[in-house]
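The values are calculated or read from the model by the stated rules, or taken from the named source; none is laboratory data. The structure presented is a predicted model; accordingly, all values stated were derived computationally and were not measured. Quick reminder, even Gly has a Cβ in these numbers, built from the backbone with ideal geometry, and neighbours come from all protein chains shown. Surface areas here come from the heavy atoms of the whole protein model, side chains and all, with no ligands, DNA or RNA. Shrake-Rupley method; radii C 1.70, N 1.55, O 1.52, S 1.80 Å.
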Amino acid sequence: MSREKIVVLDFGSQYAHLIAKRFRMLGFYSEIALPSTSLEVFENAKGIVFSGGPSSVYDEKVPEFNEEILNLDIPILGLCYGHQLMSKCYGGNVGKGDVGEFGFATLNLNPEVESPLFKGIDFSNGQQVWMSHQDAVLEPGEGFEVAGSTKDCKNAALQN
């Protein structure tokens, strides 16, 4: 029996292994790879997750990243640093947020945007999420729309 494969790129997040474990618990085969990995790693992958990490995308020394990954025809979910990196790579603006978010926050959906990622999830009272960032996507990249926000992060969930 062949299981669908999810590749988690580890940008230094303490949660990369937990993300991969959660996918395994959902019945997927998951692998953790470096963000500089070659494209062969993504053969037969059904999805890619860019993890968070301690770096800022505008730091001088950031994790090496194979930008060719963005040209693959595979859905990508960016979390924290991964979310900010994708925004930057697609021409968005990332910088220090007005307020950092650390701990629980409430994610609210943009009622004007239909998001396949959040389909079937009850957002009538928002969804509790965990945030750990000082940086924020100040302006989404070209082709991206805001799918959700928190009190202190207007571009918390983006999609293209």
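For Lys21, a cut-off of 18 angstrom between C-alpha atoms picks up these aspartates and glutamates, skipping any fewer than 8 places away in its own chain: Glu4, Asp10, Glu31. Summing Cβ point charges (Lys, Arg +1; Asp, Glu -1) relative to the Cα centre of the chain gives a dipole of roughly 600 debye. Taking the Cα centre of the stretch 1-66 as reference, the dipole from Cβ charges on Lys and Arg (+1) and Asp and Glu (-1) amounts to some 420 debye. Among the protein heavy atoms, those of Leu34 account for about 120 Å² of accessible surface (1.4 Å probe, every chain in place).
Only Lys, Arg, Asp and Glu count, each charged at its Cβ (+1, +1, -1, -1), so figure out the dipole size of the stretch 91-138 about its Cα centre, rounded to 20 debye. Display every interim value, and only then the final one.
On the way: 2 positive and 6 negative charges, 19 e Å.
So the dipole magnitude of the stretch 91-138 works out to roughly 80 debye.
Expressed as a whole percent, the accessible area of the chain that falls on carbon and sulfur atoms is 49 (1.4 Å probe). Full extension of the chain between Leu70 and Ser36 yields a length gain of 11.0 nm, computed as 0.36 nm times the residue separation minus the alpha carbon distance.
Per residue, the accessible area of the stretch 1-150 comes to 61 Å², computed with a 1.4 Å probe over protein heavy atoms only. For the residue pairs Lys88/Lys151; Lys88/Lys119; Lys5/Lys88; Lys46/Lys88; Lys46/Lys119; Lys46/Lys96, the C-alpha atoms sit more than 28 angstrom apart in Lys46/Lys96.
Among the GluC sites (Glu not before Pro) found in the stretch 1-97, those both in a DSSP coil and sparsely packed, with 16 or fewer other Cβ atoms within 10 Å of their Cβ, are Glu4, Glu43, Glu60, Glu64.
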